[in-house]
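The values are calculated or read from the model by the stated rules, or taken from the named source; none is laboratory data. This structure is a prediction, so every number in the text was calculated from the model and none was measured. Reconstructed Cβ throughout: ideal geometry from the backbone, glycine too, with neighbour counts over all protein chains shown. Surface accessibility is based on the protein's heavy atoms, side chains included, excluding ligands, DNA and RNA. Shrake-Rupley method; radii C 1.70, N 1.55, O 1.52, S 1.80 Å.
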There are 2 protein chains.
Amino acid sequence: VGSEGTLGIATEITLRIVRSPETVATQLAAFRSIDEAGEAVSAIVSAGILPAAIEMMDRLTIDAAEQAFHPGYPEGAESVVLVELDGVAVQVEEDVTAVERICRVCGAFEVRVAQDEAERALLWLGRKGAFPAMGRISPDYYVQDGVVPRTKLPAVLRRIDELSVEHGLRVGNVFHAGDGNLHPLVLYDAAKGEAERAKALAEEILAACLDAGGALTGEHGVGVDKACSMPKMFSERDLATFERLRRAFDPDGIANPGKVLPTPRLCGEVPGPYRMHPLERIGVAERF
Amino acid sequence: VGSEGTLGIATEITLRIVRSPETVATQLAAFRSIDEAGEAVSAIVSAGILPAAIEMMDRLTIDAAEQAFHPGYPEGAESVVLVELDGVAVQVEEDVTAVERICRVCGAFEVRVAQDEAERALLWLGRKGAFPAMGRISPDYYVQDGVVPRTKLPAVLRRIDELSVEHGLRVGNVFHAGDGNLHPLVLYDAAKGEAERAKALAEEILAACLDAGGALTGEHGVGVDKACSMPKMFSERDLATFERLRRAFDPDGIANPGKVLPTPRLCGEVPGPYRMHPLERIGVAERF
């Protein structure tokens, strides 16, 4: 429910099983610029089409994926968009045609639909293997998780490019475009002492997401990593309310202590008036 | 969101507009016993049919509605069930047939579908006018709002009958059967000093709902009327958690004070350890 374990634990979960879709179609569209790809994603969603997934990769990620898994992404593509449509056959067929038309209008130089399960798996292999594939082109990477309004995707991607140049580190982009959920991969070499620089760049990318009206995290949560950034997104009064809410469910401070909210131990000075975590006050949180 | 105004106020609301259904069909089924009607409701829902509404009335309510509005409910009916189906025409047609079959199997002696908008309005007039129609048969009534698992409907209705006889007051039943949401109308005459007796009977009906695995309120909320009954459904620890949650959002005690949770002023002795409302402590809540 988004509380990252701070409001309690689930002791019982009832699942609603949904029927498997009658048909699944996986489409690939290749573009000569990331801007065109971003426009296509916006246009697909604006057209009222509701794909099960819209995934986007940039040149750096495509190259890494090709080297590692040979999914056969078109040569010369600056961006590849994967669209998965599922549902009733008649509807999926209509949507496939509409997605192709929209992608062509936005500048795609190749659009194709996987013809069988093997081709479908291969198209996805490149996307799903993009993270491990980075090992082919960089000794280390730092993955960021931000989210922005879909209409702001092209602008934020341009800003990430600028930041990459400023900091002198490559950034690969592979992400859930349909949700506006970015996963910039900051490539660096720890052996060359670039770790701190990578972290600083990743933080500026997050700031760019916030500036664009986005949020600190798209899906992976705040945890410890982003706790100190919470005051960038929320006011002191917001944070005080979060703290009281947490105490309401967890008066003894035993549910995932030290996570999500900034604490003096993690962040140095933190804005009042919310209190230090009780376990931190007595030094127990040191163990976590 | 069910907080009855205790967690704050809405300053902006975004609505998702759903399309009007292609077809609406209103069906009436008449039964010679309330038990048969209850079984029919259970069977309709078990069959996977999802009506927009399933409403049920007992003899007393039917008589009052007939006197006031002449909706033409079948003579000799101990219970009338109204089923409203909406959606795609093909589906509604199928469901209308299925509902008729189920009602006949459960003992309905008459089932009909409204043939036009005027007949549909007339069928609903009796149900929607049931409350004011009570004025035809009783000077006063006290309406209760409980909810029980649908499968317990027949048993709880029998229990309400017994309680009615014990307390010497008539009870009319008109309710959202599809949700298991009961609205027993306890008929009394305040001029004859029956008000306290009516309240006591209504409270026993609520206790019967809780015994059947139901809840204190189906849709109208706790407010002041049921605040003192909260300890019947929730433990001291539950109530303490509710109190802390409320304070998290409303530390100054300004959001609908004195409602929902039991307070000494309303209920006399209340189980600890949750605290008295701050405005009550300083006597301000007297004004509410």
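Some notes on this structure:
- DSSP-loop GluC sites (Glu not before Pro) across segment B:140-244, with at most 15 other Cβ within 10 angstrom: B:219
- Where N is the number of residues in the protein assembly as shown, Cα Rg divided by 2.2 N^0.38 Å: 1.26
- Sequence-distant aspartates and glutamates (8 or more away, or on other chains) whose Cα lies within less than 16 Å of residue B:232: B:145, B:203, B:204, B:211, B:269
- 5 Å-binned pair-distance histogram of segment A:48-146 (Cα, whole percent): 2, 12, 21, 23, 18, 13, 7, 3, 1, 0
- Long-range amide H partners of residue A:189 with built H, under 5 Å: A:194
- What a 1.4 Å probe finds exposed on chain B is 53% carbon and sulfur by accessible area, rounded to a whole percent.
- The angle between the Cα long axis of helix B:34-46 and the longest principal axis of the Cα atoms of chain B comes to about 90 degrees, rounded to the nearest 10.
- Where N is the number of residues in chain B, Cα Rg divided by 2.2 N^0.38 Å: 1.13
- In the elastic network of chain A, a GNM with C-alpha springs shorter than 10 Å, the most mobile of A:118, A:215, A:64 is A:118.
- Using alpha-carbon coordinates, inclination of helix A:59-69 to the longest axis of chain A, degrees: 80 degrees
- Protein accessible surface hidden between B and A, which excludes ligands and nucleic acids, total in Å², probe 1.4 Å: 600 Å²
- Hydrodynamic radius (Kirkwood) for segment A:1-84, which is based on Cα pairs only, to one decimal in Å: 15.8 Å
- Remark on chain B: B:103, B:106, B:209 stand apart, with no other cysteine beta carbon under 4.7 Å.
- Sorting A:228, A:103, A:267 by accessible area puts them as A:228, A:267, A:103; the probe is 1.4 Å, largest comes first, and only protein heavy atoms count.
- Per residue, the protein assembly as shown exposes 51 Å² of accessible surface when a 1.4 Å probe is rolled over the protein heavy atoms with every protein chain present.
- Value of D in µm² per second that Stokes-Einstein yields for segment A:108-158, Kirkwood Rh from Cα pairs, at 4 °C (1.567 mPa s): 92 µm²/s
- Folded to 0 to 90 degrees: helix B:153-167 orientation relative to chain B principal axis, Cα: 70 degrees
- For chain A, modelled as a GNM whose springs connect Cα atoms under 10 angstrom apart, the maximal fluctuation among A:38, A:146, A:193 occurs at A:193.
- With contacts taken as Cα pairs under 8 Å and at least 6 residues apart, chain A reaches a relative contact order of 20 percent.
- Taking a straight Cα-Cα cut-off under 30 Å and skipping sequence neighbours fewer than 8 places away in the same chain, the lysines within cross-link reach of residue A:226 are A:128, A:152, A:192, A:199, A:259.
- Couplings for segment B:94-108, taken from phi via the Karplus curve 6.51 cos²θ - 1.76 cosθ + 1.60 with θ = phi - 60°, read 4, 5, 4, 5, 5, 4, 4, 4, 4, 4, 4, 4, 7, x, 4 Hz in order; Gly and Pro are left as x.
- In segment B:237-252, burial by the other protein chains removes 10 Å² or more of 1.4 Å probe accessible surface, compared with the chain on its own, from B:241, B:244, B:245, B:248, B:249, B:251.
- Think of the axis that spins chain B onto A; the B residue whose C-beta lies nearest it, and the distance in whole Å, is B:248, 2.
- Using a Gaussian network model of chain B in which every pair of alpha carbons under 10 angstrom is joined by a spring, one finds that among B:217, B:26, B:241 the greatest mean-square fluctuation is at B:241.
- Taking θ as phi - 60° and the Karplus parameters 6.51, -1.76 and 1.60, the scalar couplings of segment B:78-93 work out to 8, 8, 10, 10, 9, 10, 10, 10, 9, x, 5, 3, 4, 5, 4, 4 Hz in sequence order, x denoting glycine and proline.
- Cα-based convex hull, segment A:134-193, per residue volume (Å³, whole number): 76 Å³
- Residue B:220 versus residue B:199: modelled label distance in nm, points set 7 Å from Cα along the beta carbon direction: 1.5 nm
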